1. Out of the residues in the range 308-341 meeting the condition of being within 19 Å of Pro367 (Cβ to Cβ) and free of Cβ contacts under 8 Å to residues at least 24 places away in the same chain, tell me which one is farthest from the chain's Cα centre (by Cα).
2. Hey, any hits in the range 355-363 for a residue that's of a type outside the set (Gly, Ala, Ser), under 22 Å from the mean Cα position of the chain (by Cα) and more than 28 Å from Ser292 (Cβ to Cβ)?
3. For Gly161, all conditions in the list (1) out of contact with any strand residue (DSSP E or B) (no Cβ under 9 Å at 6 or more places or on another chain); (2) within 30 Å of Trp138 (Cβ to Cβ) hold save one; what is the number of the exception?
4. Report, by residue number, each residue of the range 58-76 that is open to solvent by 40 Å² or more (accessible area, probe 1.4 Å), in a loop (DSSP other than H, G, I, E, B) and in contact with a strand residue (DSSP E or B) (Cβ under 9 Å, 6 or more places away or on another chain).
5. Does the range 400-420 include one or more residues that are among the aromatic types (Phe, Trp, Tyr), modelled with pLDDT of 85 or more, more than 27 Å from the chain's Cα centre (by Cα) and assigned to a helix (DSSP H, G or I)?
6. Taking interchain pairs and intrachain pairs at least six residues apart, which have beta carbon atoms under 9 angstrom, with the first residue in the range 128-139 and in a strand (DSSP E or B) and the second among the basic types (Lys, Arg)?
7. Please find, within the range 17-38, the residue that is modelled with the lowest pLDDT out of those that are among the aliphatic types (A, V, I, L, M) and within 17 Å of His298 (Cβ to Cβ).
8. For the subset of the range 305-336 comprising residues that are open to solvent by 60 Å² or more (accessible area, probe 1.4 Å) and not aliphatic (A, V, I, L, M), which member is nearest to Gly194 (Cα to Cα)?
Amino acid sequence: MVKIKEFFSEPRPFLLSALACAFLIYSGLGSIRERSPYKSAIPLQDAECLSGKICTNPCKISSGKYYSAKLELISCNSSSKDTKSGLKIEQTVESSGRVSLLIPSKTVEALYPGKLYSLEGKSVLIEQGENISCSGKWNPSTNAFTVHSLEYKKPDANLSGKITHFRAKCRLVFKRMLFRWGKAGGLILSLLSGSREYTESSLCKDFSLAGLSHVLALSGMHLSFFSGLSGTLGKKFFGKRASSFIRIASIIIFSWFAGLSPSLLRALLCSFFMLFASFFYCKRLKSSEILSAVFLIHLVIFPDDSKTIAFMLSYLALAGIIAISPVIEKIFVRKVPPFLASPLCASIGAQTATSPVTAAFFGTLTPIGIASSLAVCPLISIFLSTALFCIIICLAMPFLCTPFGCILNLMYDAIILIVRIFARIPPIQLK
C-alpha cells in the first residue's frame, strides 16, 4: 500500500484529475452537458415521425414489451389541422441529436429464430447502424419516443454503411445459428453479443442473486478472455511480437461485433494502453494511472455514460481491485493457497468498492458474489472456449451441430446448477 507521503511526492496528474472530475460530477457541484441534445423546429412532444440511424444495440427492457435504443436523427415530421380549410398539413424538417426509442418487442424480434411474430412481410432489421423511419408519440413519463410502426430504409452506400449493415446481418445469422443449441446457445449469445433474447428471465435473476450480474453483462472479463486466448494462440503460431497485433485485432473485432457498452469501452481502452506499452517496450505503467487516464478519455468520448450504473460499477470494481486487493492480499498471503489468494482478494476488492453503489441503487448487498465468482468465472471461461471451438468447427461441418450442442448443454447444466446453489443464499436487504 502506498504511504501518504509517497503518494503526494510522486507526480500523479491523471489520478488527481480523475478524482477531481469524479468528485465534481457525483457531488452535484459540476454537470455534464448532453452531447447530442434534440434540435428541431418541431417540439419533440409534437413529433409524429422520426427518421434517422439507430446508434445503439436494441436492449429489451425489464417488462419485456419493448426494446430500448437510441436514434440519431436526420429529420422529424409532424402534422396539424388548418383552422380555415380544415385540411391536414404535414411538415418535415431537418433535425439532429439523439432520441431514446421504445420499440415493440414483436417488431424487433420478427426476424429472430423461434419467434412467432409476423408483420406481413414488413419485418425490419433493428440493429446498430441501420436506417429507419418510425411513427409514434413522445412519452414524457418514460422520456422516450414510443414507436407504433417502423419503416426500413436502405443502408448508407458508403463504406461505413456497408460495414455496419454487414455487422447487423452477422448478428442475426449468429442468433439463428446459436438458436439450434437451445439454452446453452442462449447463454453463449448473451456472453458474446450482449443479446439476452434467448436467456431465461429466471436465469438472469439467479445470476443477480448469486452476485454474478457482471458475467452476463459485457465487461472486462469477456475482453480479457478474448485478449488472453488470441494472445496465447498468436504467440504459439506467430511469435511474441506478432501476438500484440493479434490481441489488438481480436479485441477490436469483439467490441465491434458486441457493441460498446460503458464497461466494455472501459476495458477496451485499458487494453489498448497496456498492449501499446508492451509493444513499444515502455516502462511499466501504474494501473491507477492507466485507469485514471481511461476514465478521463471516456468522459470526453461519451460523457453521458457517466450517468449510468454500468459506468460507475465498472470503474469502481477495477479501482477496488487496484487499491484494496493488495492490502487484503497481505492478510491472506499466509492463510490461503497462492492459487486462490489473488482471485479471492480481487473479488473482495471489487465487491467492497462497488457496494456503496449497489446499496444506493438496488438496496441490497450480495457478499456471496465473492465466493460465487471464484467458482463460476473459471467455468464460464472453459464454457466460452469450448463454444468458440464448436462454432468454428460447425461453420465448416454443420452436421456436427447436434452432438456439439449436447456437449455444450451438459456444460451449461453444470454451470447453472452451481449458480442456483449460490442464488439460494439471500442477499443483505438494506431497504
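1. The qualifying residue farthest from the chain's Cα centre (by Cα) is Lys335.
2. Within the range 355-363, not a single residue is of a type outside the set (Gly, Ala, Ser), under 22 Å from the mean Cα position of the chain (by Cα) and more than 28 Å from Ser292 (Cβ to Cβ).
3. The failed condition is (1).
4. Just the residues of the range 58-76 that are open to solvent by 40 Å² or more (accessible area, probe 1.4 Å), to begin with: 59-63, 65-66, 68, 70, 72, 74.
Still in the list and also in a loop (DSSP other than H, G, I, E, B): 61-63, 65.
Matches in the range 58-76: Ile61, Lys65.
5. Restricting attention to the range 400-420, the residues satisfying the condition of being among the aromatic types (Phe, Trp, Tyr) are 404, 412.
Narrowing further to those that are modelled with pLDDT of 85 or more: 404, 412.
Going one step further and asking which of them are more than 27 Å from the chain's Cα centre (by Cα), we end up with 404.
So of that shortlist, the ones also assigned to a helix (DSSP H, G or I) come out as 404.
Yes, the range 400-420 contains at least one residue that is among the aromatic types (Phe, Trp, Tyr), modelled with pLDDT of 85 or more, more than 27 Å from the chain's Cα centre (by Cα) and assigned to a helix (DSSP H, G or I).
6. These pairs meet every condition: Asn131/Lys53; Asn131/Lys153; Asn131/Lys154; Ile132/Lys53; Ile132/Lys153; Ser133/Lys153.
7. As a first pass, look at the range 17-38 and keep what is among the aliphatic types (A, V, I, L, M): 18-20, 22, 24-25, 29, 32.
Next, only the ones that are within 17 Å of His298 (Cβ to Cβ) stay: 18-20, 22, 24-25, 32.
Details: Ala18: 90, Leu19: 90, Ala20: 91, Ala22: 90, Leu24: 90, Ile25: 89, Ile32: 80.
Going through the qualifying residues, I end up with Ile32.
8. Among residues in the range 305-336 that are open to solvent by 60 Å² or more (accessible area, probe 1.4 Å) and not aliphatic (A, V, I, L, M), the one nearest to Gly194 (Cα to Cα) is Lys307.
The values are calculated or read from the model by the stated rules, or taken from the named source; none is laboratory data. Quick caveat: nothing in here was measured; it's all calculated off a predicted structure. Because the Cβ atoms are built from the backbone with ideal geometry, glycine has one as well, and the counts that use them run over all protein chains shown. When the accessible area is computed, the model is the full protein with side chains, heavy atoms only, and any ligands, DNA or RNA have been set aside. Shrake-Rupley method; radii C 1.70, N 1.55, O 1.52, S 1.80 Å.
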